[in-house]
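**Q** One structure, as structure tokens, below. Some questions next.
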Amino acid sequence: MNTEEQQAVEAVRATFERVVSEGLRAESVAGASDEEIDAMAAAQGVDRVPAAVREVLRHIGVRNGLWLGGTALGVHRIGEKQKRNALATLAQLGGNPFVDAEGMLVLTEHQAYTYDVVDGADLDRADPPVWVISEGEYAEVRWPGVTNWFEGNAPSAAEYRSRLRVLRGLGKTRLPPWAADIRTD
């Protein structure tokens with residue numbers, strides 16, 4: 001692993017560890033194996049996975065919990081269909097700002113109209129930019145790197161923890177579904 005890859009991996013790990021230290025139950029998410037990650041990429045016709053993407057999926061690639069809640073993410077939810085949909089959404093925009101759209105790697109799909117992707121031309125980078133393709137609106141770089149995307153979409157475990165303490169302090173016994181994902185110790 002080269003220095004850039006190591007830095008990307010360490011940045012993803014640091015973000016994950018920070019969120020867990022703030023109160024996210026680590027067991028509320030589940031990571032994917034390298035074999036599962038490679039199979040997801042292959043389903044999209046991609047033979048390379050950037051180090052930062054791989055590390056994200058090692059942490060939340062099977063079950064993302066509060067991380068990007070309500071968004072399809074991971075090895076069992078993103079594949080050929082989501083890539084086809086992302087490319088169709090891009091085609092409807094009438095312009096293609098990607099260097100290698102056909103080679104893109106789709107990271108997420110939100111309600112079948114917004115996709116977070118990495119340009120195929122950037123797959124050899126350790127921490128490539130993340131684009132957002134939004135139906136009828138735009139295709140633009142939203143984050144300068146996957147590590148920024150992961151950090152920017154991190155759940156605020158400290159805020160959830162505070163809300164949970166208030167609810168319990170008020171004697172609430174019916175708690176929101178996310179309560180099981182937060183530690184209160």
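**Q** Hey, what number do you get for the chain at 222 nm if only DSSP H runs of n ≥ 4 count, each worth -39500 (n - 2.57), divided across all residues, to the nearest 500? Show your work: numbers first, answer last.
**A** Details: 6 runs with 72 residues, N = 185.
Helix-only estimate at 222 nm: -12000 deg cm²/dmol.
**Q** May I pose another question? Using a 1.4 Å probe on the protein chains only, how many percent of the accessible area of region 3-180 belongs to carbon and sulfur? Please list the in-between numbers first.
**A** On the way: 3970 of 8510 Å².
That share works out to 47 percent.
**Q** Would you mind calculating the relative contact order of region 64-126 from Cα pairs under 8 angstrom and at least 6 residues apart, reporting the percent as a whole number? Numbers along the way, then the final one.
**A** Numbers: 72 pairs, mean separation 20.7, N = 63.
Computed over region 64-126, the figure is 33 percent.
**Q** Probe of 1.4 angstrom, ligands and nucleic acids ignored: what's the accessible area per residue over the chain, in square angstrom? Could you put the intermediate results ahead of the total?
**A** Numbers: 9010 Å² over 185 residues.
Counting only protein heavy atoms, the per-residue value for the chain is 49 Å².
**Q** Could you please state, rounded to a whole Å, how far the C-alpha centre of region 17-79 is from the C-alpha centre of region 119-185?
**A** 13 Å
**Q** Per-residue accessible area for R125 at 1.4 Å probe radius, Å² rounded to 10?
**A** Its heavy atoms expose roughly 110 Å² to the probe.
**Q** Report, largest value first, the span of the C-alpha coordinates of the chain along each principal axis, in whole Å.
**A** Projected onto the principal axes, the Cα atoms of the chain cover 54, 39, 26 Å.
**Q** For the chain, calculate the relative contact order in percent as a whole number, restricting contacts to Cα pairs under 8 Å that are 6 or more residues apart. All intermediate terms of the calculation are to be shown ahead of the outcome.
**A** Working: 315 pairs, mean separation 43.8, N = 185.
Here the relative contact order equals 24 percent.
**Q** Expressed as an acute angle from 0 to 90° and rounded to the nearest 10, what is the orientation of the C-alpha long axis of helix 51-60 relative to the principal long axis of the chain?
**A** Long axis of 51-60 versus the principal axis of the chain: about 40 degrees.
The values are calculated or read from the model by the stated rules, or taken from the named source; none is laboratory data. Since this is a predicted model, take the numbers as computed values, not measurements. Note: areas computed on protein heavy atoms with side chains; ligands, DNA, RNA excluded. Shrake-Rupley method; radii C 1.70, N 1.55, O 1.52, S 1.80 Å.
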